[in-house]
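The values are calculated or read from the model by the stated rules, or taken from the named source; none is laboratory data. Worth saying up front: this structure is predicted, and the values here are computed from it rather than measured. Note that we place each Cβ from the backbone using ideal geometry, even for glycine, and neighbour counts take in every protein chain shown. Accessible surface is based on the protein model in full, side chains and every heavy atom, while ligands, DNA and RNA are left aside. Shrake-Rupley method; radii C 1.70, N 1.55, O 1.52, S 1.80 Å.
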Amino acid sequence: MTKARTLFEKIWGDHIVTHEPNCPAVLYIDLHLVHEVTSPQAFQGLRDRGAKVFRPGRTLATVDHSIPTTDRSLPIIDPIAARQVDQLRINCRDFGVPLYDLGSGHQGIVHVIGPELGLTQPGITLVCGDSHTSTHGAFGTLAFGIGTTEVEHVLATQCLLQHKPKTYEARFEGALPKGIVAKDLILALIAKIGIGGGTGHVLEYRGSAIGSLAMEARMTICNMSIEGGARAGMIAPDDTTIEYLAGRPRAPQGADWERAVARWRRLPTDEGAAYDRRVSVDVSQLEPMITYGTNPGMGVPITQAVPEPSSLPDANQSAALRKALAYMQLEPGRPLLGHPIDVVFIGSCTNSRLSDLRLAASLMKGRKVSPKVRVLVVPGSEEVKRQAEAENLREVFEAAGAEWREAGCSMCIAMNGDQLEPGQYCVSTSNRNFEGRQGKGGRTFLASPLTAAASAIHGAITDVRTML
Amino acid sequence: MEPITAFSGRMVALPMRDIDTDQIIPARFLKTIDKEGLGEDLFHDWRYDSQGRPKPDFILNQPSAEGAAILLAGDNFGCGSSREHAPWALMAFGFRAVVSTSFGDIFRNNSLKNGLLPIIVDETTHSKMLALVEKDGSAEAKVDLPEQLLRIPGGPEVSFSIDAFSKKCLTAGLDQLGYIRRQEAAIAAYEQTHPANIHTL
Ligand code: SF4
């Protein structure tokens, strides 16, 4: 009998090209996604070596980070961003890499377009020069972020040198209470294990609550694996996964589809397989989650107060919290509910898919956002934008007083002009509340699309459960 | 890459835990298409005021930081974004090693590929080093990569671990891509037995 293996171990084992003693494994990469920010120096490296892109047919590029989310018929005003976008176009042309450019109908955040095209498939290895590549793990894919040197390695050889990570099982059991969504689950987990808790590990999310989630919600969970320190987070493929992929433009078709599905069915973790670590979360006890500090681990149930630094067990943690609260200008012991806000951002690779926009729209329908608050709704891709418009979500958002924008990363990373002013408070559906992440001096509260929409309407942090 | 063997250098302490790569180099400086000039924007928003003037109380603006080669950082240094601009910026400033009790995985990987040594020490050693730097800002530590030793003045020799492959590449100045490219036959054999499952073209 063969040894019981985890989902991760099956995919890892199936992608080892060679593994010499005292060396990392050479891992074959099935799909490489590329964007404008972390690739220019890698393409330049290829040029300097006189190398080619080894497998352009396993590579796909798009623009998402530096591009404006305003009228696409206008040129990019920021000359440095324009040059970076142009450089990607030149690189894709010179090296034969397919590019989903602005207006192609498929442009979008890399982690939104891979799944929607059906390119992100169970059992494959997938990398991108971007830490939120963990998103794709929702399909039972081994997907993780890499640096630019590694981008060059994969472009040149379709392979990557890797040491085998450890495994970490995160079980979510129970039924989701009203108003609790995937974002609350993952924020609760990160608050529990800390932002370095998963370092060196691959997370596998399991349990009845995970099984009950739709694919887009699973992507929200896997997306934030890196905020718990884990480079990858995975969920075993099941009927939900297979239904989602059926008929997608780049998913296997016909007899290939049947064979692929048979392969995917063998991927889930075997009974009795061992993990290096385990944690579990009782979903039925969760409240909507919100962060108060400057890293995603600084989160609490929304009805709780800002924590006291002196209550933390370790001096380094108290110091970090004190610094975070000074940056956030929040007082320990004060409630978060009712804290006034200036901006709401609904978007990012965590929460910019159709179901996220539907959640936000369900609250905004027939209501107005607070006149004191600027609300940006940024779909994750041109495809999401099209679908949302076909369902009249655009009308809902605009009638409520929110801005409906073009697809991109936007205020998640504030590279494109969509940014907070110094001192502004923002409830954001993105994944990072680091100092300055949404604009220099800006202050971020991370939360779900429901909490974001509820807070937009009241102009202050709001418990969505009071509106359901 | 230049081979790395042993070097000595002054230490600078940034003991705060969980310093993310967005602090090391803020995103708005990632619009560059090369690696030039990143040292000036290292820790930009901690280092300069809103007028772009150096903040005198920030450690990297103090005379002791000039020419420093070793950054003594708090736990989980380099968490967050995968931007390789973080080690590029640290190296452009002059750092050759970062010492902490742990690192973000991607930052650690990126650093090793660029010749910035991420050295993990235990908490006791870390506290000793912090105390030493606090007492004497000009204290120099010596890093000996072949021996995997960190020598702290007035303190013990501390051995650190590094995977054998990275050590070999760094001490010989070898590029890791060269190693993968030499596996050409194995890659071809792998592709033979694993027909293309993904088509982007
Ligand atoms: S949306 Fe934000 S986190 Fe996601 S890829 Fe873009 S910048 Fe990164």
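Some observations on this one:
- Every condition in (1) touching a helix residue (DSSP H, G or I) at 6+ places or on another chain (Cβ under 9 Å); (2) within 14 Å of chain A (Cβ to nearest Cβ) holds for B:Leu130 except the one numbered (1).
- Only strands (runs of 3 or more DSSP E) whose full extent lies in segment A:221-295 are considered here, and none of them has at least 3 residues that are among the aromatic types (Phe, Trp, Tyr) and either buried (at least 24 other Cβ atoms within 10 Å of the Cβ) or within 14 Å of chain B (Cβ to nearest Cβ) (or both).
- Close contacts from segment B:161-173, counting a first residue that is facing another protein chain (nearest Cβ under 8 Å) and a second that is part of a helix (DSSP H, G or I), with Cβ to Cβ under 9 Å and a gap of 6+ residues or different chains, come to B:Asp163/B:Leu112; B:Phe165/B:Gln176; B:Phe165/B:Tyr179.
- Screening A:Gly50 with (1) modelled with pLDDT of 95 or more; (2) within 26 Å of the chain's Cα centre (by Cα); (3) away from chain B (no Cβ under 12 Å) gives one miss only, at (2).
- The combined condition, being more than 16 Å from the ligand (Cβ to nearest atom), open to solvent by 10 Å² or more (accessible area, probe 1.4 Å) and assigned to a helix (DSSP H, G or I), is fulfilled by A:Thr466.
- B:Ser127 being in a loop (DSSP other than H, G, I, E, B), farther than 20 Å from B:Phe43 by Cα and open to solvent by 30 Å² or more (accessible area, probe 1.4 Å): no
- Cβ pairs under 7 Å, 6+ apart, first in segment A:326-338 and acidic (Asp, Glu), second open to solvent by less than 60 Å² (accessible area, probe 1.4 Å) and part of a loop (DSSP other than H, G, I, E, B): A:Glu331/A:Val306
- A Cβ distance below 8 Å, combined with a sequence gap of six or more or placement on separate chains, defines the contacts here; from segment A:373-385, residues that are within 18 Å of A:Gly401 (Cβ to Cβ) reach residues that are away from the ligand (no atom under 15 Å from the Cβ) and acidic (Asp, Glu) in the pairs A:Val373/A:Asp342; A:Arg374/A:Asp342; A:Arg374/A:Glu403; A:Val375/A:Glu403; A:Leu376/A:Glu403; A:Val377/A:Glu403.
- Checking the stated criteria, A:Ile90 turns out not to satisfy the condition of being over 30 Å from A:Asp256 (Cα atoms), modelled with pLDDT under 95 and among the aliphatic types (A, V, I, L, M).
- Evaluation of A:Val37 against the conditions (1) farther than 17 Å from A:Val127 by Cβ; (2) in contact (Cβ under 8 Å) with a residue 40 or more places away in the chain shows that the sole unmet condition is (1).
- Hits in segment A:427-458 (condition: farther than 15 Å from A:Ile186 by Cβ and among the hydroxyl-bearing types (Ser, Thr, Tyr)): A:Thr444, A:Ser455
- For the criterion of being within 25 Å of the chain's Cα centre (by Cα) and either surrounded by fewer than 18 Cβ atoms within 10 Å (Cβ to Cβ) or assigned to a loop (DSSP other than H, G, I, E, B) (or both), A:Ser66 passes.
- Count of segment A:329-362 residues which are of a type outside the set (Lys, Arg) and farther than 30 Å from A:Glu216 by Cβ: 8
- Condition check for A:Ala143: open to solvent by 10 Å² or more (accessible area, probe 1.4 Å), closer than 28 Å to A:Ala246 by Cα and of a type outside the set (Ser, Thr, Tyr): no
- Which numbered condition A:Gly417 misses (of (1) over 15 Å from A:Asp342 (Cα atoms); (2) within 11 Å of chain B (Cβ to nearest Cβ); (3) within 20 Å of the chain's Cα centre (by Cα)): (3)
- Residue within segment B:1-24 that is assigned to a loop (DSSP other than H, G, I, E, B), more than 10 Å from chain A (Cβ to nearest Cβ) and of a type in the set (Phe, Trp, Tyr) present: no
Listed here are the residues, each with its yes/no results for (1) in contact (Cβ under 8 Å) with a residue 40 or more places away in the chain; (2) surrounded by fewer than 19 Cβ atoms within 10 Å (Cβ to Cβ).
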{"residue": "B:Leu42", "(1), (2)": "yes, no"}
{"residue": "B:Ser81", "(1), (2)": "yes, no"}
{"residue": "B:Glu84", "(1), (2)": "no, no"}
{"residue": "B:Leu112", "(1), (2)": "yes, no"}
{"residue": "B:Leu117", "(1), (2)": "yes, no"}
{"residue": "B:Asp122", "(1), (2)": "no, yes"}
{"residue": "B:Val133", "(1), (2)": "yes, no"}
{"residue": "B:Lys142", "(1), (2)": "yes, yes"}
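- Residues of segment A:95-133 that turn out to be part of a loop (DSSP other than H, G, I, E, B) and either closer than 26 Å to A:Arg265 by Cβ or not small (Gly, Ala, Ser) (or both), as a count: 15
- Qualifying residue in segment A:32-45 (condition: within 8 Å of another protein chain (Cβ to nearest Cβ) and within 16 Å of the ligand (Cβ to nearest atom)): yes
- Residue check, B:Thr200 within 14 Å of chain A (Cβ to nearest Cβ), open to solvent by less than 20 Å² (accessible area, probe 1.4 Å) and β-branched (Val, Ile, Thr): yes
Residue by residue, here is whether (1) open to solvent by less than 30 Å² (accessible area, probe 1.4 Å); (2) within 27 Å of B:Glu191 (Cα to Cα) holds:
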position	(1), (2)
A:His19	no, yes
A:Asn22	no, yes
A:Lys52	no, yes
A:Arg58	yes, yes
A:Leu74	no, no
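- Among (1) open to solvent by less than 20 Å² (accessible area, probe 1.4 Å); (2) within 13 Å of chain B (Cβ to nearest Cβ) - the single one A:Gly108 does not satisfy: (2)
- The listed residue being within 16 Å of the ligand (Cβ to nearest atom) and either more than 18 Å from the chain's Cα centre (by Cα) or of a type in the set (Val, Ile, Thr) (or both), out of A:Ile235, A:Ile210, A:Ile221: A:Ile221
- Filter result for the condition that a residue is modelled with pLDDT of 95 or more, within 13 Å of another protein chain (Cβ to nearest Cβ) and under 28 Å from A:Asp418 (Cβ atoms), over B:Arg47, B:Arg53: B:Arg47
- Annotation: of all residues in segment A:425-439 being out of contact with any Pro (no Cβ under 6 Å at 6 or more places or on another chain) and more than 22 Å from A:Pro288 (Cβ to Cβ), the one that is farthest from the ligand (Cβ to nearest atom) is A:Glu435.
- Entry remark, segment A:157-175: residues being under 28 Å from B:Ala189 (Cβ atoms), open to solvent by 10 Å² or more (accessible area, probe 1.4 Å) and not in a strand (DSSP E or B) number 3 in total.
- Boolean, A:Ser448 is under 30 Å from B:Phe29 (Cβ atoms), touching a residue at least 24 places away in the same chain (Cβ under 8 Å) and buried (at least 24 other Cβ atoms within 10 Å of the Cβ): no
- Test: residue in segment B:6-21 that is within 16 Å of the ligand (Cβ to nearest atom) and within 14 Å of the chain's Cα centre (by Cα): yes
- The single residue among A:Val344, A:Val396, A:Val373, A:Val369 that is of a type in the set (Val, Ile, Thr) and crowded, with 24+ Cβ neighbours inside 10 Å turns out to be A:Val344.
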